[in-house]
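Asks: Mind having a look at this structure? Questions to follow.
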């Protein structure tokens with residue numbers, strides 16, 4: 001399972017349309033579909049019903065939607081926590097380059 005698969009699944013669920021979801025996540029519609037199929041294969045369940053004109057979330061998809069959102073939110077929280085500790089983000093939100101490799105090289 002990959003984080004982008006969860007992101008694409010959420011986009012399709014929210015947009016109810018693979019083409020609109022693809023535009024939202026900036027990849028091709030076939031790419032979105034392929035990633036969702038891989039996620040469905042991993043989970044062993046169909047998450048999106050593609051038989052109609054709109055993409056409809058299945059019962060399994062509805063059960064997966066909140067945990068998928070929670071996972072992405074947790075990853076974002078993790079990223080921010082690490083950035084806060086490593087000093088990559090100022091209060092202004094501007095990224096600073098991480099020069100740890102330079103300090104390590106100078107120490108050697």
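The values are calculated or read from the model by the stated rules, or taken from the named source; none is laboratory data. Being a predicted model, the structure only gives us computed values, none of them experimental. Neighbour counts run over all protein chains shown; Cβ positions are idealised from the backbone, glycine included.
Asks: Looking at 62, 34, can you tell me which residue is in a helix (DSSP H, G or I) and under 17 Å from residue 14 (Cα atoms)?
Replies: Numbers: 34 fails: under 17 Å from residue 14 (Cα atoms).
So the residue among 62, 34 that is in a helix (DSSP H, G or I) and under 17 Å from residue 14 (Cα atoms) is 62.
Asks: Which pairs turn up if I take residues in segment 30-46 that are closer than 13 Å to residue 2 by Cβ and look for partners that are at pLDDT below 95 and loosely packed, with under 14 Cβ neighbours inside 10 Å with beta carbon separation below 6 Å, at least 6 apart in sequence or on another chain?
Replies: Going by the 6 Å Cβ cut-off, the qualifying pairs are 42/1.
Asks: Pairs under 7 Å by beta carbon, first residue under 18 Å from residue 58 (Cβ atoms) in segment 1-12, partner in a loop (DSSP other than H, G, I, E, B) and modelled with pLDDT under 95, six or more apart or different chains?
Replies: Listed by first residue and then by second, the contacts come to 12/55.
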